[in-house]
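S.K.: Please find one structure pasted underneath; my questions will follow.
Since every read-out is calculated from the coordinates, none of them should be taken as a lab result. All values reported here derive from a predicted model rather than from experimental measurement. FYI the Cβ positions are ideal-geometry reconstructions off the backbone, even for glycines, and counts take in every protein chain you see.
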Amino acid sequence: MEWTPISEEELLSLIEAQLLGCDDGLVALFHEIEVPHRRCGIRRFGEVEYVFVVAEAGAGIIYYEDIEEGFEFCELGVDGVIPERGCDQLELCHILERIRSSQQLLPAVDAPAG
């Protein structure tokens, strides 16, 4: 069977199915950081191919790596392309849990006195 890239419709169905396995807090977090899906270049073995970005958190993006069939989180390279990455093959809930955990580790910022 020949590999074909995931379509946006298939990606939407996948996201919906994976969010069913997330707790309410993770679902809310996803909807806070979700962006209109867009194609983004990714370096694979010296070539640039394309994946879908589905969310942005801080300086990083969440994208679906359709060759490895998993979600990944990273910062874009200076050229706006995803650098060559490992093959985590994570479910969306796992990425969201990492983001939520990292946010919980940030120090609280007090409002300026006025």
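S.K.: Quick check on the exposure proxy: order Ile61, Ile42 from fewest to most C-beta atoms within 10 angstrom.
M.R.: Ascending number of Cβ neighbours within 10 Å: Ile61, Ile42.
S.K.: Given 10 °C and 1.306 mPa s, how large is the Stokes-Einstein diffusion coefficient of the range 8-104 in µm²/s, with Rh as the Kirkwood radius over Cα pairs?
M.R.: My calculation gives 117 µm²/s for D.
S.K.: FRET efficiency for Asp79 and Asp23, Cβ-Cβ distance as r, R0 = 41 Å, nearest 0.05?
M.R.: 0.65
S.K.: Sticking with this one: Take Leu20, Leu90 and order them by how many other Cβ atoms sit within 10 Å, fewest up front.
M.R.: With the fewest neighbours first, Leu20, Leu90 line up as Leu20, Leu90.
S.K.: Ok, one more. Going by amide H atoms built from the backbone, whose H comes under 5 Å of the H on Ile82, apart from near neighbours?
M.R.: When sequence neighbours closer than 5 places are left aside, the close amide H contacts are Gly41, Ile42, Arg43, Gly77.
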